[in-house]
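The structure appears right after this line, and notes come after that.
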Amino acid sequence: MATPTYDDGTIRCDDQGIAILRYYPWGAKTIRYASIRGVETLPLTGANKVRRWRIWGSGDFVHWWNFDPSRPKKGVALVLDVGHRVRPTITPDDAAAVARIIAEKSPE
């Protein structure tokens, strides 16, 4: 694995892609930047406030949340469009930094 440019213990970005740690019960999911079609910022406030309590899994069969026990303390999630119905949804400690890294590394 390449040297990480971002690593908060749940999300790791390097030159090749993003690793979502504890995505599956058995481990991480790695997504290459070229596979990411878009990133949506999802505030975990207002009508979405209930989503901050989704510690792992899916409640709507569209968003899949990696295991993150500190999610209730976070205010924003990133929804990754990877061209499939189910979209990985993550809550990095620094969502702005991860969104910036994805934007810089993803092909136009």
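The values are calculated or read from the model by the stated rules, or taken from the named source; none is laboratory data. Keep in mind the model is a prediction, meaning the values are calculated, not measured. Because the Cβ atoms are built from the backbone with ideal geometry, glycine has one as well, and the counts that use them run over all protein chains shown. Each accessible area value is taken on the protein alone, full model and side chains, heavy atoms only, with ligands, DNA and RNA left out. Shrake-Rupley method; radii C 1.70, N 1.55, O 1.52, S 1.80 Å.
Under a 5 Å amide H to amide H cut-off, with H placed in plane at 1.01 Å, what residues pair with Trp64 once short-range neighbours are removed?
Residues meeting the amide H criterion: Arg87, Thr89.
Between region 83-108 and region 26-58, what is the separation of their alpha carbon centroids in Å?
When both Cα centres are located, 9 Å separates them.
Determine the share of the chain's accessible area contributed by carbon and sulfur atoms, expressed in whole percent, with a 1.4 angstrom probe.
Here it works out to 54 percent.
On the Cα set of the chain, report Rg and Dmax in Å, please.
Cα only, the chain: 12.8, 39 Å (Rg, Dmax).
What fraction of the DSSP beta bridges in the chain is antiparallel, stated in percent and rounded to the nearest 5?
That works out to approximately 85 percent antiparallel.
Solvent-accessible area of Asp7, probe 1.4 Å, all protein chains present, reported in Å² to the nearest ten, please.
Spelled out: Asp7, probe radius 1.4 Å, area about 80 Å².
Considering Cα pairs under 8 angstrom that are at least six residues apart, work out the relative contact order of region 1-74 and quote it in whole percent.
After rounding, I find 20 percent.
In what order, largest first, do Lys49, Lys73 sit by accessible area if the probe radius is 1.4 Å?
Lys73, Lys49
Report, ordered by chain and residue number, the aspartates and glutamates lying within cross-link reach of Lys49, taken as a straight Cα distance under 13 Å and ignoring same-chain residues fewer than 8 apart.
Cα-Cα hits under 13 Å: none found.
For the chain, report the accessible area per residue in Å² (1.4 Å probe, heavy atoms, rounded to an integer).
Using a 1.4 Å probe on heavy atoms only, each residue of the chain averages 56 Å².
Using a 7 Å offset from the Cα along the Cα-to-Cβ direction at both Ala103 and Arg37, what is the distance between the two label points in nm, to one decimal?
About 2.1 nm separates the two model spin labels.
So what is the calculated 222 nm ellipticity per residue for the chain, using -39500 (n - 2.57) for each DSSP H run with n of 4 or more, over all residues, to the nearest 500 deg cm²/dmol?
For the chain, the value works out to -3000 deg cm²/dmol.
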